[in-house]
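Step one of this worksheet: look at the structure below.
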Amino acid sequence: MQLIIGGAYSGKRKLVRNQYNNKVDLSWLSSYESSTLGRWREVWQQDHHLVIEGWETWLCEDVRSITSLSDLRQKYNKMFKELINEETIRNKQVILIMLEMGKGIVPVEGEDRRMRDLAGWIQQDAASLSTDVFYVWHGLSRRMK
Amino acid sequence: MIIFVSGGARSGKSRFAEEKAMMIHHQRDIPSRLVYVATAKITDDEMAERIRFHKEDRTESWHTIEEPFDLASIPLKTKIGDVVLIDCLTIWLSNMLYSSDTHGSSFFTEFNEVNQIGVINMLQTLIMKAKEKHQTLIFVSNDVNEGEPMVMDSMVLDYIYELERIHQYVVKQADSAVQVIAGMALEWKGEEFS
């Protein structure tokens, strides 16, 4: 599993496209196209790598529920492990694109704080489970792991 | 030479950029000046205070130009070989996109496709003319795109999108791109020139 992390519009998608540039087809699961996270198995086409993006939308929906943050964190962790398992079965890669959002001021609204906390934890978990981690900054990228 | 410097608020990016400018100025083998371009309009006491603080903070003698809009005119107002520090792109962009100041009437007064093309064209002209005059340009900006996502606020998202377009353009043109974290420089592009 690979993690691409960076600020909004910093060039994360472009990095993924350049990296795999026509060598392997990519299946995209994107919250920006109203996909739900649970659809990853059906979206992931055979012999493709799977790219998952728009986590902040799903996290935003999740923090509005009554589920505790630690339960939500566990849910995502479980899913990351399922993705890694499926990678081995298919012999293909999963690429997670996540938005860096922790550097502004602490949000005033409780829900926004919950969302930012959850995003930070999930990013730490994803980074620790990934074999490769890249940070994208204004169109440039740097390997962190 | 083109240098891009960015980072979070109070990360020390302006200070880093100023020190870099002074270093390059001292190494110049042709006569040059240190030029500070303030893009902030002095619209209130707080801003005046910030600019005064920045002026006092600078130990060397700097030639200061206040230019909230027309960055392409900077090479015309400066001399061959000058080291020009532009502080900063975030304020300049918000002036260009949203200001209704009469001084800016020849530019754009509302966010639209025309001014989106305009900002890149202006930077392109600035960089081209500065190179012709053998100047060093140091751009300072802010990593505002790494803060919390204001998913619901499309105006903020439009601004960040546009700012990132500018950042990526300048980074592409730059010989050196540096991220400042807690006063320390992380080199992203180009070699450290000391």
Q: Quick one: work out the % antiparallel among DSSP beta bridges in the protein assembly as shown, nearest 5.
A: 20
Q) Cα to Cα, under 18 Å, and not fewer than 8 places away if on the same chain: which lysines meet these conditions relative to A:Lys92? A) A:Lys23, A:Lys81
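Give the shape of segment A:1-56 as rounded, prolate or oblate, defined through the alpha-carbon gyration tensor: a ≥ b ≥ c are the square roots of its eigenvalues, a/c under 1.5 means rounded, and otherwise the shape is prolate if a/b is larger than b/c and oblate if not.
Verdict is oblate for segment A:1-56.
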**Q.** Relative compactness, chain A, computed as alpha-carbon Rg over 2.2 N^0.38 Å
**A.** 1.02
Q) Magnitude of the Cβ-charge dipole of the protein assembly as shown, K/R +1 and D/E -1, about the Cα centre, nearest 20 debye? A) 980
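So if R0 is 30 Å, what FRET efficiency would B:Glu132 and A:Thr131 give, r being the distance between their Cβ atoms, rounded to the nearest 0.05?
In this case the efficiency is close to 0.05.
What is the mean projected area of the alpha carbon convex hull for the protein assembly as shown, to one decimal in square nanometres? Mind dumping the intermediate values first?
Numbers: hull surface 76.4 nm².
Computing the convex hull of the Cα atoms and averaging its projections yields 19.1 nm².
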**Q.** segment A:78-145 - Rg and Dmax from Cα coordinates, angstrom
**A.** 14.4, 44
Q) Which of the listed residues, B:Trp62, A:Ser70, B:Phe16, is farthest toward the dipole's positive end in the protein assembly as shown, when Lys, Arg count +1 and Asp, Glu count -1 at the beta-carbon? A) B:Phe16
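Enter the mean number of other protein chain beta carbons within 10 Å of the beta carbon of each residue in A:136-145, as an integer.
Whole-number average of other-chain Cβ neighbours for A:136-145 is 6.
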Q. Based on the Kirkwood radius over alpha-carbon pairs, what value in µm²/s does the Stokes-Einstein equation return for the translational diffusion coefficient of segment B:1-42 at 20 °C and 1.002 mPa s?
A. 179
Q: About the Cα centre of chain A, how large is the charge dipole given +1 on each Lys and Arg Cβ and -1 on each Asp and Glu Cβ? Please answer in debye to the nearest 20.
A: 460
Q | Proximal lysines relative to B:Lys77, as straight alpha-carbon distance under 20 Å, when same-chain residues fewer than 8 apart are discounted | A | B:Lys41, B:Lys55, B:Lys129, B:Lys131, B:Lys133
Q) Taking only DSSP H segments of four or more residues, each worth -39500 (n - 2.57), what value at 222 nm results for the protein assembly as shown once the sum is divided by all its residues, to the nearest 500 deg cm²/dmol? A) -13500 deg cm²/dmol
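We did not get these values from a lab; they are worked out from the coordinates using the rules stated. Only a predicted model underlies this, so the values are computations on that prediction, with no experimental measurement involved. We place every Cβ from the backbone using ideal geometry, glycine too, and count neighbours over all the protein chains shown.
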